[in-house]
Amino acid sequence: MIRRTKKRWEDQALGHIGRREARTEFYKDSASRINLNGEWRFLYLEAPELSPEGFMNKATGTDWDIIDVPSVWQLRGYDRMHYTDVLYLFP
């Protein structure tokens, strides 16, 4: 008998991982801002279940690639663009 383990992204009780507390932009306050632009370490995997053990703690791995943020990783040579809900006449 094959026992299937539940993947983290399939857990309906899991609301987020490492997300900042939600707040509105309607009011200006003294909360700190984070600029996400820049160069980020990037590890492309064929599927999330192939993530290495302790994935969330290894984002500083030296064997990871560097990618510009903001960008589209499919246009940087990783995988291909994915289109849904429309049948295109070209691949």
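None of the figures in this text is laboratory data; all of them are computed from the coordinates on show. Since this is a predicted model, take the numbers as computed values, not measurements. Neighbour counts are summed over all protein chains in view; Cβ atoms, including those assigned to glycine, are modelled from backbone coordinates with ideal geometry.
So the values come out like this:
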{"read-out": "FRET efficiency, residue 5 to residue 43 (Cβ-Cβ, R0 25 Å, nearest 0.05)", "value": "0.70"}
{"read-out": "Cut-off under 5 Å, modelled amide H: who pairs with residue 42 long-range", "value": "65, 66, 67"}
{"read-out": "FRET efficiency, residue 33 to residue 76 (Cβ-Cβ, R0 30 Å, nearest 0.05)", "value": "0.70"}
{"read-out": "Table column - 3J(HN,Hα) (Hz), region 7-19, Karplus curve with 6.51, -1.76, 1.60, x for Gly and Pro", "value": "7, 4, 6, 8, 7, 5, 7, 7, x, 6, 10, x, 8"}
{"read-out": "Gain in span if fully extended, residue 63 to residue 50, counting 0.36 nm per residue against the direct Cα distance", "value": "3.1 nm"}
